Amino acid sequence: MRIAVLLSGTGRTLENLLLHFPIALTISSRNNIKGNDVARLHNIPLEITKDNDRIFAILDEHKIDLVCLAGWLLHLNPPEHYNEKIINIHPSLLPKFGGKGMYGHYVHEAVLKAKEKESGCTVHYVDSIYDHGQIISQRKVSVLETDTADSLAAKVFVQECALYPEVIKVILAKNNLL
Ligand code: GRF
């Protein structure tokens, strides 16, 4: 099995995935982010690009079976042969609080503002619309009146760390890639 991770930020999700799977390739959309250091520290090939065609050419070149977005912030326009081969984890219960600009603390602030009683995380397939592809699985957390965006983010991230590897294992097993 060959897993690629696409990142734009701190690489915490990459670090979590590395506890469970070998990662064959990382693609970063930015220079000078912590996530790039995580990839380098683990000797994982790292490419830095924002170009959609280049991204998919690199993934093809590395014969990647599954692409995991891990804090990736750019819009992707995947070619057809990547249908159901790209997944993302989003820090809300989609379809609520998704879409362009809904990432990081913006998500949790919106959840608190809407006085939601619960939030959580969602793993979904990626298509060419932000946070839109088919939902695969979700985990929930309670939202307390005392929660701040930071405390909620921390609670949701704990669930992300459990959910993402769980879903990846199921996908790999289904495709005989384990
Ligand atoms: C998490 O909120 C995750 O839901 C979203 O990106 C954040 C993690 O980014 N997709 P990072 O791994 O800390 O860079």
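Taken together, the values in this text are just the output of simple stated rules run on the coordinates, not laboratory data. From a predicted model like this one, the values you see are computed outputs, not experimental measurements. All Cβ positions, even for glycine, are placed from backbone atoms using ideal geometry, and neighbour counts span all protein chains on display.
Both the radius of gyration and Dmax for the range 2-52 are 9.7, 29 Å, in that order, over alpha-carbon atoms. Taking the inverse of the mean 1/r over every pair of distinct Cα atoms in the range 1-143 gives a Kirkwood hydrodynamic radius of 15.5 Å. Sorted largest first, the spans of the alpha carbon positions of the range 83-178 along the three principal axes are 45, 26, 17 Å. Put in line by how crowded their Cβ is, counting other Cβ atoms within 10 Å and starting with the fewest, LYS174, LYS155 read LYS174, LYS155. In loop segments of the range 85-178 as defined by DSSP, the GluC sites (Glu not before Pro) with at most 10 further C-beta atoms inside 10 Å of their C-beta are GLU145.
By the count of other C-beta atoms within 10 Å, a proxy for reagent exposure, THR146, THR13 are ordered fewest to most as THR146, THR13.
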